[in-house]
Amino acid sequence: MQSVTDRYDPLDAEILHDPYPVLAELREREPVFWHVGMDSWVLTRYADSVRVLRDHETFARDPRRTGGGVPEPSLSVQTLDPPQQNAVRSLFMTALRAQDLTGVEDRARFLVGERLDRLAGGGPFDVMAEIAVPLSVAVVTDLLGVEPPSYGEFAAMSDAIMRSMDGGLNPALVEPGRVARQRLSDLVDSWFEASARPGLLARVRQATAPDSDVSTRLYVKNTARVMFQGGYSTMAAAIGNAVHTLLTHLGTLDRMRDGALLATGVDELVRFDGPVQGTTRTAVRSCRIGGVDIAPEQKVVPLFAAANHDPSAFTRADELMLERTPNRHLGYGWGPHSCIGTTVAQAGLRALVAALSNHPARLAAAGDGVRRRTATMRAFDTLPAALLL
């Protein structure tokens, strides 16, 4: 009989459809296990995952700390570990806090409302193409203060970058991802040179000292690229997962008309079926997790999807509880490498859910969605729905 660890193939169709039963079995039987395909130790418990994400002295994100290399386009706040990342992360977080996020959310809700009006009564449509992609591009470019690129062109570019995150499982994905990352870097360079609109990017540019060294300027530009692409891909994936959850949990959307449940409910949607499935760290020194000895230079993968359903951390973990609070889920990561754009991603989701719950047309499923065959990001390729009048 095949062991549960052998059954965990993150790219298997059954796992892509519903990973949570196997993850629950792993968490119960072998919470820390070696995965040959990932060449890593995999963690399924919440406490173990948070420990790794917090302890950046023992677990490195930056491959250079364990003898590896980092391509220049990948040097960003998400690659650097504290204290090296502190100045750049602080620069972006300060700029983010200075933005009018309420205005971003209001404009996003208006955009969704317009799209829902156009789609209502018109038969089945693809949630990803018609709502997730345009809303995510609009929210992120609004935040940054730049002109949005072509939806189709950028979606293809982002898809190649996102798929390259699974390069350890499929090396053929690495080169297309590198090419797409360079194209996106060129686009960001043009924004730094030409964009004069107010927004986060202008604030960052103004706050970057003219005499900054080359590496600092590189980190700033690469972080802007990561924030744009990462914010877009995470938000688009989260929108698809959230809409799917709303479609399969009847009555949930009606309940979220209650403003008190909107904020906690959106947070719970991300915990329940989040976009980012895990992340990788490398042990800098010998350590022990869950009774397992981890050797220096071995990789460790905290599985957010498993941790977010850990009953030791969340009451009734496999149920959707809109009023859940506190809700310290790992849907956007944790600690110094958590997603910089978490607040704006949540704003986009609130705008979507508010527009859907208040629209006169009723959201309904129109067939089975197709999951994207990616391990790091849980997302839909297509998700058919309809707005019934």
In the stretch 43-78, residue farthest from ALA305 (Cα to Cα) [restricted to those that are among the acidic types (Asp, Glu) and out of contact with any Ser or Thr (no Cβ under 9 Å at 6 or more places or on another chain)]
GLU72
Which pairs do you get when a residue that is over 13 Å from LEU387 (Cβ atoms), found in the stretch 357-374, comes within reach of a residue that is crowded, with 19+ Cβ neighbours inside 10 Å and of a type in the set (Lys, Arg), reach meaning Cβ atoms under 7 angstrom, with the pair 6+ apart or on two chains?
THR374/ARG163
Residues of the stretch 317-331 being under 21 Å from ASP48 (Cβ atoms) and surrounded by fewer than 21 Cβ atoms within 10 Å (Cβ to Cβ), which ones?
ALA317, ASP318, PRO326, ASN327, ARG328
When the stretch 76-100 is examined, which residues are found to be in a loop (DSSP other than H, G, I, E, B) and surrounded by fewer than 20 Cβ atoms within 10 Å (Cβ to Cβ)?
ASP81, PRO82, PRO83, GLN84, ALA98, GLN99, ASP100
Those residues of the stretch 278-306 which are among the polar types (S, T, N, Q) and without any contact (Cβ under 8 Å) to a residue 40 or more places away in the chain amount to SER286
Suppose we keep only residues that are among the hydroxyl-bearing types (Ser, Thr, Tyr) and not in a loop (DSSP other than H, G, I, E, B) within the stretch 354-389. Which one would you say is farthest from ASP18 (Cα to Cα)?
SER357
Residue check for ARG64: surrounded by fewer than 19 Cβ atoms within 10 Å (Cβ to Cβ), within 30 Å of GLN84 (Cα to Cα) and not aromatic (Phe, Trp, Tyr)
yes
GLY69: passes all of (1) in a loop (DSSP other than H, G, I, E, B); (2) among the small types (Gly, Ala, Ser); (3) crowded, with 19+ Cβ neighbours inside 10 Å but (3)
Let me confirm something: among SER185, SER190, SER158, which residue is outside any loop (DSSP other than H, G, I, E, B) and without any contact (Cβ under 8 Å) to a residue 12 or more places away in the chain?
SER190
Name every residue in the stretch 325-335 that is in a helix (DSSP H, G or I) and among the hydrophobic types (A, V, I, L, M, F, W, C), in order of residue number.
none
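Taken together, the values in this text are just the output of simple stated rules run on the coordinates, not laboratory data. Here the structure is a predicted model, which is why all the values come from computation and not from measurement. Note that we place each Cβ from the backbone using ideal geometry, even for glycine, and neighbour counts take in every protein chain shown.
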